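Engineer: Sharing a structure below in C-alpha cells format, with a few things to ask.
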Amino acid sequence: MIRSLVFWLLLTAALPAFLGCASKPAPVPTPESTPAKAPASEEAEAIYSYLAYRELLQEQKTDQAAQELEKAIAIQPTPELFLELGNIYWRASRFSDALLTLNQGLTLYPDSEILLSTLAKTYAAQGRFDDAVLTLDEYRKKHPELIDPAHEAALYRMEQGEFGDAADRLSAIPEKDATETTSFLLGKAFFGLGLYDKAIAAFQQAVVADPEFYNAWIELGLTYEAQKNYIDAEKVFSQLFDAGIGNQQIIFRLVDLNLKLNNPDKALTFVQQEADDQALVLEAANLFLNQDFYDHAAELLDPLAQQNPIPPSALFYLAVLEYEGRDNPDKALTYLEAIPVSHPHHERSLIFRIHLHYQKGEQAEARALCLSSLTLFPKQPEFRIIMAEIHEREKQYPQALDVLLTATNMWPENTTILYRLGLIYDRMEHRDQAMIMMEKVISKDPEHANALNFLGYSLTEKGSDLKRAEVLIQNALKVEPDNGYFADSLAWVYFKQNKLRLAWQEIKRAVRLADEDPVIWEHYGDIARALNLLTEARKGYSTSLELEGDNVEDVRAKLNSLGGVTR
C-alpha cells in the first residue's frame, strides 16, 4: 500500500513535465538502447520514510514509526521533523532520546525558536528548570530582540518559587519591547513576592493594553482579594461576569466575595442565574452553610429535596442544613443514611453520623458505627481518631491510648494522630511524654497551631524556658491570630515573666475572644490582682466560679482572699 501511494505521488508530480513534452514524439528504444532502472532519489526515499512513519504511527507501532522518521531526518532533515521525533519520544517516555533529538535539531537549526521552546519545555517537564532557563538564556544572547524566551524563562523561575529572579528578568525587558504579557507575568511575580500593590499596578497595565486579557483581569481580582479588598475584587469579577465570562469559577468567586461583604441576597442572585448547574448550586450552598447563611442555603437546597429521588450529591448538604440551620439532627441522620455506599460523600457521612449519634447520647450506636466504618475503610485514619475520641470522652484513657498507638504504627507521619496521642498522655498525667509528642508534631508541621500552643503553655506551667514558650505561643497566634485560648497562653507566659502590663493587655483580649472558659477568667483574676486591680480581679474570679470549672475551690479561696476591699 505504501509503495503504490509513493509511486502515485511521484507520478503525479512528473505529469506536468511529461505532458509538456507531448508534442515531441519520444524515440522508440531499441533493445540495445533500453536504459537501466534509475535508483530512487533521496527526496523520494525521504517521502517514503515519512509516509511510512505516519502509517505506522496510526497503527500505534511507535518504535517502528520512530525508526522511519529517523530515516527521513537522516536524508532530508527539517526543524519540523526533529520536532515530531522529539514528541514521539516524549509520548513514549523516552525523555533522554527526546532531549537528544531536540538538541541535535538545534545544532543544525540554531535559530529555530520552536525547537528551542520545545527543548526548554521538555527540560521543565522533568523538573530541570535550571537547564530550561539556561537554554533560553543562551538563545536570547544570540537574539536579544526576542522577548518570548525571556517570558518563558521567567515562568520557569516562578515554577521554582524564585519570584524575585523572575521579576528582575521581566523588569529588564526594555519598555519599548514590553507587551501586555510582560506586565501580566510581572504581576504574577510581584504577587508571589507578596508585593500586592505592585502586582495590581502590573495587572492594571496589562488590561489597559488589552481590555480582553481576561486572565489578567482574573489575577487582578484575586490580588485584590488577597489584600482583603473585597469591594474592588467583587467589582472586577462582576465586570467579567457582565462581559459574558460567567464560568463556574467566576460565579463561585462572586458568591464568596458577596458573602464576605455580607451581601447574601446578591450572592444568591448569581447562583440562581445558573440554577441548572447542580454542581455549582451545591458548591454555592456549601459556602452559604459555612458562613451561617442558612436561609439562603435553604433556597438552593430545598428544591433539590423535593425531587424524587433526591440527587445523591445533595444529601450531605441537606443534612448539614437540617443539623446546623434547623437544629434537626434526626432529619439530618435520615439524609445521611440515604447516601449510597458508592458515593464520594459516603465516608464523610459516616463520620457525621457517628458524631450525631454520640451527641444524641446514643453512645452504643456511635461506637458500633465507628467499628463498622473501620472495617469498611481500614486505610482511613479518621475513624481510629474518632474511636480514640469516644474512649477519651468516656475517660477510658488506656483504651484511647491503645487505639492511637496502633494508628501511629500505621500512619507515623500523621500529625493529627500524634497530636491526639499527646493529649491522651496529658490526660493520663504523663506530661513529659505529652510534650515529646508535641515536639514531634511541630517538627513535622511547624505551623501546627494547637501543638505550638500546647507546648508553649506546658513550658510556661513548668516555669522552664519561658522565652521559648513565648516564641512558640506567638507562632501559634501567627497562624490563628484571633484564638482566645492562644491569647490566654501568651498572657500567662507574660505573667510568669512578670511582664504584667503585656499580660493584662493579652488577657483582656483573651476574654473578649473566649468568654466562657473558667480557666481564662481565673487567669484574668490573677493578673488583675498582681496589678492591684482588685475590682477586675473579683470580676475574673466570680465569672470563673459561675462557669463552674474544675478548679472551683482554689478560685473561691482566691476570691475570698480579696476581702471586701475594691478599687
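Engineer: Give me the orientation-averaged projected area of the Cα convex hull of the stretch 215-354, in nm², one decimal.
Structural biologist: Values: hull surface 36.1 nm².
So the mean shadow area of the Cα hull is 9.0 nm².
Engineer: Follow-up. How compact and how long is the stretch 197-288, expressed as Rg and Dmax of its alpha-carbon atoms in Å?
Structural biologist: 13.3, 40
Engineer: Please say if the stretch 253-328 is rounded, prolate or oblate, where rounded means a/c under 1.5 for a ≥ b ≥ c the square roots of the C-alpha gyration tensor eigenvalues, and otherwise the choice is prolate for a/b larger than b/c and oblate otherwise?
Structural biologist: oblate
Engineer: Now for a different question. Can you sort Val133, Val471 by how many other beta carbons sit within 10 Å, fewest first? Intermediate values should be presented prior to the final figure.
Structural biologist: Numbers: Val133 25, Val471 14.
In order of increasing Cβ crowding within 10 Å: Val471, Val133.
Engineer: State to the nearest 20 debye the size of the charge dipole of the stretch 296-454 about its Cα centre, where the only charges are +1 on K and R beta carbons and -1 on D and E beta carbons. Numbers along the way, then the final one.
Structural biologist: Numbers: 15 positive and 22 negative charges, 61 e Å.
Taking the Cα centre of the stretch 296-454 as origin, the dipole is about 300 debye.
Engineer: Specify the inter-centroid distance of the stretch 505-537 and the stretch 473-488, based on alpha-carbon positions, in whole Å.
Structural biologist: If you average the Cα positions of each part, the centres end up 16 Å apart.
Engineer: Which one, Thr460, Gly422, Leu477, projects farthest toward the positive side of the charge dipole computed for the stretch 363-500 from Cβ point charges (K/R +1, D/E -1)?
Structural biologist: Selected residue: Thr460.
Engineer: I've got another one for you. Count the lysine pairs in the stretch 397-553 whose Cα atoms lie under 19 Å apart, taking only pairs 8 or more positions apart in sequence or on different chains.
Structural biologist: So the count of such lysine pairs works out to 10.
Engineer: Let me make sure I get this right: for the stretch 64-179, a, b and c are the square roots of the gyration tensor eigenvalues over alpha carbons, sorted descending. Under 1.5 in a/c it's rounded, otherwise prolate if a/b > b/c, else oblate. Which is it?
Structural biologist: Cα axes put the stretch 64-179 in the oblate bin.
Engineer: While we're on this one: Mind giving me the FRET efficiency for Thr269 and Glu43? R0 is 56 Å, r the Cβ-Cβ distance, nearest 0.05 is fine.
Structural biologist: 0.25
Engineer: Once you compute Rg and the Kirkwood Rh from C-alpha atoms, what is the Rg to Rh ratio for the chain?
Structural biologist: Using Cα coordinates only, the ratio equals 1.14.
Engineer: Between rounded, prolate and oblate, where does the stretch 421-519 land on the alpha carbon gyration tensor, with a ≥ b ≥ c its root eigenvalues, rounded for a/c under 1.5, else prolate if a/b exceeds b/c?
Structural biologist: prolate
Engineer: I would also like to ask the following. Please report, in debye to the nearest 20, how large the charge dipole of the chain is about its Cα centre when each Lys and Arg carries +1 at its beta carbon and each Asp and Glu carries -1 there.
Structural biologist: 1140
Engineer: Also, I was wondering about something else. For the stretch 379-462, state which trypsin sites (Lys or Arg not before Pro) are in a DSSP loop and have at most 11 other beta carbons lying within 10 Å of their beta carbon.
Structural biologist: Lys379, Lys395
Engineer: Just to confirm my numbers, what's the Cα centroid distance between the stretch 94-142 and the stretch 426-458 in Å?
Structural biologist: 49
Engineer: Arranged by the count of other C-beta atoms within 10 angstrom, fewest first, what order do Glu413, Glu536 take?
Structural biologist: Taking fewest neighbouring Cβ atoms as first place, the list is Glu413, Glu536.
Engineer: For every other residue with a beta carbon closer than 14 angstrom to the beta carbon of Gly86, add +1 if it is Lys or Arg and -1 if Asp or Glu, then tell me the sum.
Structural biologist: Cβ neighbours under 14 Å give a net charge of -1.
Engineer: Student exercise: in the stretch 41-168, how many lysine pairs 8 or more apart or on different chains have Cα atoms under 26 Å apart?
Structural biologist: 5
Engineer: On the first, second and third principal axes, largest extent first, how far apart are the outermost C-alpha atoms of the stretch 328-460 in Å?
Structural biologist: Largest first, the stretch 328-460 extends 48, 27, 26 Å along its Cα principal axes.
Engineer: Towards the positive end of the charge dipole of the chain, with charges on Cβ (+1 Lys, Arg; -1 Asp, Glu), say which of Pro381, Leu99, His151 has the farthest Cα.
Structural biologist: Pro381
Where a number appears in this text, it was derived from the coordinates with a stated rule and is not lab data. Please read these numbers as outputs of a predicted model, since none were measured by experiment. Counting neighbours? That spans all protein chains shown, and the Cβs are built from the backbone with ideal geometry, glycine included.
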